[in-house]
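Here is the structure we will look at, set down as structure tokens.
Just so you know, all these numbers are worked out from the coordinates, no wet-lab data involved. Because the structure is a prediction, the values reported are computed rather than measured. All Cβ positions, even for glycine, are placed from backbone atoms using ideal geometry, and neighbour counts span all protein chains on display.
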Amino acid sequence: MSKYKPKLVCFSCKFSWGYLTDEDALSPEIENWVPLICTGKIDATHMLEAFKAGADGILILGCPEGNCHYQDGNYEARKRVYLVRSLLESFGIEKERIRIELSTDPEGKRIRESVDDMKRKLAKLGPAKKKSEEVTKARGGK
Amino acid sequence: MSKRITINPLTRLEGHGKIEVFLDDKGDVRDVYWQVVELRGFERFCIGRPVEELPRIMPNICGVCPTPHNMASVKALDDLYGVEPTPAAKLIRQLHYNAFLVEDHLLHFYILSSPDFVVGPTADPAERNIVGVVQKVGLEIGGKMIDVRRRCRAIVRHIASKPAHPEGGLPGGVSMGISEDDRRWMRETADLCVQFCQFSLQLFRQVVLDNKEYLNLVLNDAYKLDTYYMGQVDENNRLNFYEGKIRIVGPKGEEYALFDCHDYVDYIGEWVEPWTYIRLTHLKKIGWKGLNEDETTSLYRVGPLARLNVADGMLTPLAQKEFETMFAVLGSKPAHHTLAYHWARLIEALQAAEHMQRIANDPLLTSKDIRNMDLRLGKVGIGCVEAARGTLIHHYEADVDGRATKVNLIVATQHNAAPICLSVKKAAREFIKGPQVREGFLNMVEMAFRAYDPCLGCATHALPGQMPLIVNIRDSEGSLLRTIQRS
Amino acid sequence: MGKPKVAICWLGSCGGCDETIVDINEVLLRVAGAVDIVLWPVAMDFKYDSVKRMKNGEIAVSVVSGHVRNSEQEEIAKLLRKKSQLILAFGACACFGGTPGLANLTTKTDILNWVYRDAPTVVNPDGNYPQAAFRVNGEELTLPEFYGRVFPLNAIIDVDYYLPGCPPPPYLVMYALSGMLENKLPARGSTLAPHRALCDSCKRNKSKPDRISIREIKRIHEVEADPDVCFLAQGIICLGPATRDGCGESCMNINIPCRGCFGPVEGVEDSGAKFISTVASILDAESDEEVVRIVSQMIDPVGYLYRFLLPASILQKKG
């Protein structure tokens, strides 16, 4: 278990997170970081592809309620997150593996903190059941 | 040196199966195994699904007889929700159900079974198909059959969506009503069905019953099996496909049991053998006694002949007359002659057609009161119908959110699985004698099997041309000794 | 030059796809006259051995329905691929895995234990389970090996064309067959059905408000749905927006919502994932509590979203 290093994908919105800092300076500290313009761009497809590609968890950092530059992108993202969580339970992927925070952090310091915090939680959960691998292996087996 | 005949795959049936025939040194049949080679797990993957989705999922069990699964499922939901469908909804459901039965039964008769009788069981295989039948009785008949099938399926589509996979049906009712315009063309279809069923029975009489050789075949011991029989009847012990109590009669005709479908677990046992995926049903209270038909047997049959054996009469007048004629000719009730399934099937189609007529003329059919919304979710729902091939039971259990937690299905062909093994064995023993394996034996063996219409009245036009069948005879090491080809 | 050879074969199929081929009625006889059907187990007595003896590519078109979940189905799929020029994946099971693909949420062991041990009617004192090979009276009986999961056809062999639906409607079957026989086909890999979503041709589309906004998700049996109004606008889950058009609205016409048997629209791989965005966009919920409440009313997301498509979904597909 100590060898397990959780792989976390972090999506964050540039309008509220780290816009006062140079992205290039922050990015070496944050593995699998996807800064974008509006969390409303994150489709359920992206979340599922992340797990398929080997992610153990997803962290989405969006703008505070009422402050989305595009009006309701952050609300849409949150609704999608809850729906995807509900779906993933059937695949044996725990709810806690996707988290969404709607807040602001212009310096971007808390990005790193949130990522680390979530990684600690993921470490306790263990690796996400890679259902696709499991089921491919299951051919001819149990 | 022992010999072995493998027939694989079995063709002109639903599902995938094979037959293994083992011969002894003299070339006589030592043993026969009818193996079903597939499994999908509906009873497990339906768990967690909202129960109202089950009538939409269950028809995927069989694309040839999807309506019975849809209907048994809907009735299980009625039971689960403690709701009685409105009278109009019941009529609409039964219209759907009977239209399907007519289509399915007639198709089996014309495509699968009639060739054996109209053209002949040992006739040239190239002619032993629907085209050969049509050549003998006339092209018009083929056209009429396609027309009846199309019309019946139009009724199914109108009430329950796609005929090969109907998804309609709600607890307490149906999702859509019938208009007066609809009634007109549906009534027309019902009338045509009654006519065509009567014609088909007439054809059967002409071709089979009036032909001494075929009549003897029907009464031949090789095609006889002494078993119990199961079917659904109403309060007057008349055959009812849609609802009633389950009745079982013994080989000598005595009533063995009459019970509500909720008690099915007390009566039906499913035995497991390592050489087949299908479970072998038998009478639980007697216990599994193996594949035999002597006085210790616990085997029972379902389907057309079984239902007519179980019932004291039919629901409708024309069918009733035919019912009486059949037993008079066969000489006993219950009749154990497996080939009589074909006859019984046509009589059932006639009842379904007459019932369609009755419903199509019922003023209540077009009522707008099609949903009983007084749903009270319980824990268990059990629905039973007589599918074309036999008694069908859907048993669901649900949680407080109406999600399925447990599903048990007893599917029509299962009841007949053990009897089919036995019938095939008997026929094989009768027609394979000595080391010289006769080329014609295959079809005579298949006739024993075909009579049950095992889960597939193949809905197709069997097309003209070659019908090759290859039998490989291997020695006990598996080396090929000889190949018989029928083409 | 002889007539083109055609094979119609079923793998893990319920037979409904064969029924729909017959539903083209008299047209079938014309087709039958124009081709040489060399395999059709449900209808004709040709055995696999006759196909094994053919030359590679001798069959012009193989119409294959059903998913793959046992060794025999895999074997036949590969045999037909070898012997055929074109393979048409016919029906939802061949295209995506189909309804039985839901079994991928369970395990082979779970299925076997229920069917042969735990079901209330089972009588199995010897603890028998079907065996891939079993000796009886000195002879060996074999059964195909049951796999741990369901695969769509393209996970096993290369597929040239797709025709979705459960089953595909007769008119599309006719187009596909005549397209194949007259050699008038789109690029390989195409789906032989309309490209857009079901909503495009649905009569209820006109009734859709500019913005659908629901506060409750309703189940079809708990309400008396209005037959002229968009299901989603009534709070009833309907997969129309994420589902390819072409079925003729068979379910809408009897006043029940779409469950997605035609699979994703052109250009989309996983319609279930896309539909999540659709649902999210119509939910009138802003606060956390509101979102949690209404999302919990969608009580079986995987069943609604992936009823026909699970084995082909992002999380389940191969690779």
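Some observations on this one:
- Projected area averaged over orientations for region B:314-443, convex hull of C-alpha atoms, nm²: 13.5
- Kirkwood-based Rg to Rh ratio, the protein assembly as shown, C-alpha trace: 0.99
- Debye-sum result for region C:106-147 in log10 I(q)/I(0), which assumes one identical scatterer on each alpha carbon, at q = 0.16, 0.22, 0.27 Å⁻¹: -0.51, -0.84, -1.00
- C:Tyr129 versus B:Arg376: modelled label distance in nm, points set 7 Å from Cα along the beta carbon direction: 4.3
- Rounded to 0.05, the FRET efficiency of the C:Lys206 and C:Arg117 pair, given R0 = 45 Å and the Cβ-Cβ distance, is 0.25.
- 3J(HN,Hα) couplings calculated from phi for region C:204-212 with the Karplus curve 6.51 cos²θ - 1.76 cosθ + 1.60 (θ = phi - 60°) are, in sequence order, 7, 3, 4, 8, 5, x, 4, 10, 7 Hz; Gly and Pro show x.
- Whole-Hz ³J(HN,Hα) from phi, Karplus 6.51 cos²θ - 1.76 cosθ + 1.60, for region B:400-406, glycine and proline x: 5, 8, x, 9, 5, 10, 8
- Rounded to the nearest 20 debye, dipole of chain B from Cβ charges on Lys, Arg, Asp, Glu: 780
- Estimated 222 nm signal from helices in the protein assembly as shown, with DSSP H stretches of n ≥ 4 weighted -39500 (n - 2.57), rounded to 500: -10500 deg cm²/dmol
- Sorting B:His158, B:His108 by the number of Cβ atoms found within 10 Å of their own Cβ, with the fewest placed first, yields B:His158, B:His108.
- Unpaired cysteine residues in chain C (no second Cys Cβ under 4.7 Å): C:Cys9, C:Cys14, C:Cys17, C:Cys93, C:Cys95, C:Cys199, C:Cys202, C:Cys230, C:Cys238, C:Cys247, C:Cys251, C:Cys258.
- Stokes-Einstein translational diffusion, region C:22-111 - Kirkwood Rh over all Cα pairs, 0.890 mPa s, 25 °C, in µm²/s: 165
- Shielding of peptide B:46-55 by partners, expressed as the average count of other chain Cβ atoms within 10 Å per residue Cβ, is 5.
- Rg/Rh for region C:168-239, where both radii come from Cα atoms and Rh is the Kirkwood radius: 1.17
- Check: chain C dipole with +1 on Lys, Arg Cβ and -1 on Asp, Glu Cβ, in debye: 920
- In this calculation the C-beta distance from A:Lys41 to C:Arg188 is compared with R0 = 41 Å, giving a FRET efficiency of 0.80.
- On the basis of the beta-carbon distance and an R0 of 45 Å, C:Val27 and B:Glu235 show a calculated FRET efficiency of 0.45.
- Against the rule of thumb 2.2 N^0.38 Å, how large the Cα Rg of chain B comes out: 0.96
- Percent of C-alpha pairs per 20 Å bin in chain C, short distances first: 29, 51, 19, 1.
- Among the residues of B:263-275, the average count of other protein chain beta-carbon atoms within 10 Å of the residue beta-carbon is 6.
- The charge dipole of the protein assembly as shown, taken about its Cα centre with unit charges on the Cβ atoms of Lys, Arg (+1), Asp and Glu (-1) only, comes to about 1720 debye.
- Using distinct alpha-carbon pairs, which all enter the 1/r mean, Kirkwood radius of region B:213-295 in Å: 14.9
- q = 0.12, 0.15 Å⁻¹, region C:1-153: log10 I(q)/I(0) [Debye, one scatterer per Cα]: -0.63, -0.89
- Coordinate range of the alpha-carbon atoms in region B:46-169 per principal axis, descending: 55, 30, 19 Å.
- Paramagnetic reach from B:Ala154 in region C:195-213 [backbone N under 17 Å; point 7 Å along Cα→Cβ]: none
- Stokes-Einstein D (µm²/s) once Rh is taken as the Kirkwood radius of region C:198-312 over alpha-carbon pairs, at 10 °C in 1.306 mPa s: 110
- Near C:Leu39, the amide H atoms lying under 5 Å from its own belong to C:Ile8; only residues 5 or more places off or on other chains count, and H is placed 1.01 Å from N.
- Packing-based exposure ordering (other Cβ within 10 Å, fewest first) of A:Glu94, B:Glu52, C:Glu216: C:Glu216, A:Glu94, B:Glu52
- Under a 5 Å amide H cut-off, with hydrogens placed 1.01 Å from N, B:Ala257 pairs with B:Ile248 among residues at least 5 apart or on other chains.
- Coupling constants for region B:352-357 follow from the phi torsions by the Karplus curve (6.51 cos²θ - 1.76 cosθ + 1.60, θ = phi - 60°), and in residue order they are 4, 5, 5, 5, 4, 4 Hz; glycine and proline get x.
- Here the convex hull built on the C-alpha positions of chain A has a volume of 106 cubic angstrom per residue.
- Measuring between alpha carbons in the structure, the pairs from B:Lys224/B:Lys425; A:Lys79/C:Lys274; A:Lys7/C:Lys274; B:Lys3/B:Lys425 lying more than 18 angstrom apart are A:Lys7/C:Lys274.
- Peptide C:134-142, shielding by other chains (average Cβ, 10 Å cutoff): 6
- Helical segments meeting 24 Å axial Cα length and Kyte-Doolittle 1.0 threshold in chain A (DSSP H): none
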